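Visitor: Quick one: the structure is below, and I'll ask about it shortly.
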Amino acid sequence: MAPYFHPTQIVLVDDDIDFLGNLSLQLEADLPYLLFDSTHKALGYINDRESEAPSRQRFFRFDNGGSALSGGGGERKVSLDTDAITREMYFTNRFSQISIAMVDYAMPQMNGLEFCRQIRNPHIKKILFTGVATEVEAVEAFNKGVIDRFIRKSERNVYEQLNQTIRELQHAHILDTFSAATDVFDVRVPDLLRDPAVETLLKNLRARYDFVEYYMTDDPAGFLLVDGDGELYRLVLVDADQQQRLIEQVEASGAPQECLKLLSTGDNLLDPAMLNGAQNVTSDPYRQWKSHIRVATRLEGKRSYRWAVFEAGLPDSDVTAPNSTFNRYLEWLDTVGYSLM
């Protein structure tokens, strides 16, 4: 898993404007896209935005005080900077970052493979729409890394396959931001990101909370979940050692004995936002502590975890809701976005 995810823009290119219109009706409603019937306009739009791609370096903390670009020998320990990751949700242009170009093969100005070769950003994923006559070329282009997927127009469930492929490649695009760094540096990747059980949990919670973005957090470990209207939830996801540290933190801040007893059983978790405001047992948060505690659910993965979800972005929380939301961005695409063509 990548340590964060937010929706990103898809560019659809085909010289047949009627086909583009039909295609747009087949895409799932929460996929942001722009349509181009000109390969030159589409390529210019993609390459002109190359400089807006996020900097990989800002997501990492170099423990020796150096930077990714400085010299020097010896082993270099690099860890994820979760504060920088959380700040990503406040960038107003995050949804307009281009992650995927989907192009038809047979077009008059240039064919789809030539179009893909001219995309300068190597992390943009490319999908080629092919007919039977171009299938051999598509396989060869896939094997050479020119394209990331090819989809046959004759497939029985072609649009279902397309929607699924787009979602997979959106995640792969963001994951690429980190995989390049892990190839170069000794990056300390948190266990949460390596555990398929955690990935499955997030997928299940998406159906329940309808979130479209997530951002990894520390202290305690977990994720911020953001829905299309910018409503925030915090998933706390801790192993036994992390849970014990939370209990010690609560005890040090003067929590009531009844609260400590419930937490010590391992079957409950306390809202992190409450801990930020709790200075002693008489502070306002601890007077309301029962409304800040949740039953913890067990998750068995590579480790044994306990998790609970809390509302975030409240007045006593340490995070605020983003001003730019995904639903507003989709509205903007509907009203203004097509003028970019």
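The values are calculated or read from the model by the stated rules, or taken from the named source; none is laboratory data. Owing to the predicted nature of the structure, the values given are computational and were not obtained by experimental measurement. Methodologically, a virtual Cβ is constructed for each residue, glycine included, from the backbone with ideal geometry; neighbour enumeration extends over all protein chains shown. Note: accessible area is taken over every heavy atom of the protein model, side chains too, but ligands, DNA and RNA are not part of it. Shrake-Rupley method; radii C 1.70, N 1.55, O 1.52, S 1.80 Å.
Visitor: What do you reckon, is R298 out of contact with any strand residue (DSSP E or B) (no Cβ under 9 Å at 6 or more places or on another chain), open to solvent by 60 Å² or more (accessible area, probe 1.4 Å), modelled with pLDDT of 90 or more and not β-branched (V, I, T)?
Guide: The answer is no for R298.
Visitor: Can you find a residue in the stretch 227-245 that is open to solvent by less than 20 Å² (accessible area, probe 1.4 Å), within 19 Å of the chain's Cα centre (by Cα) and aromatic (F, W, Y)?
Guide: Within the stretch 227-245, none of the residues are open to solvent by less than 20 Å² (accessible area, probe 1.4 Å), within 19 Å of the chain's Cα centre (by Cα) and aromatic (F, W, Y).
Visitor: Test of understanding: among K77, K41, which residue is open to solvent by 60 Å² or more (accessible area, probe 1.4 Å), over 22 Å from K153 (Cβ atoms) and modelled with pLDDT of 90 or more?
Guide: K41
Visitor: Identify, please: which residue in the stretch 315-327 is modelled with pLDDT of 90 or more and surrounded by 15 or more Cβ atoms within 10 Å (Cβ to Cβ) and is, among those, nearest to N93 (Cα to Cα)?
Guide: If we take residues in the stretch 315-327 being modelled with pLDDT of 90 or more and surrounded by 15 or more Cβ atoms within 10 Å (Cβ to Cβ), then S324 is nearest to N93 (Cα to Cα).
Visitor: Follow-up. Pick out the one residue from E140, E160 that is open to solvent by 20 Å² or more (accessible area, probe 1.4 Å), more than 19 Å from the chain's Cα centre (by Cα), modelled with pLDDT of 90 or more and within 26 Å of D227 (Cα to Cα).
Guide: The unique qualifying residue is E160.
Visitor: Which is farther than 30 Å from L192 by Cα, within 25 Å of the chain's Cα centre (by Cα) and touching a residue at least 12 places away in the same chain (Cβ under 8 Å), of S24, S38?
Guide: Exactly one residue qualifies, and that residue is S24.
Visitor: Would you call V226 modelled with pLDDT of 80 or more and assigned to a helix (DSSP H, G or I)?
Guide: no
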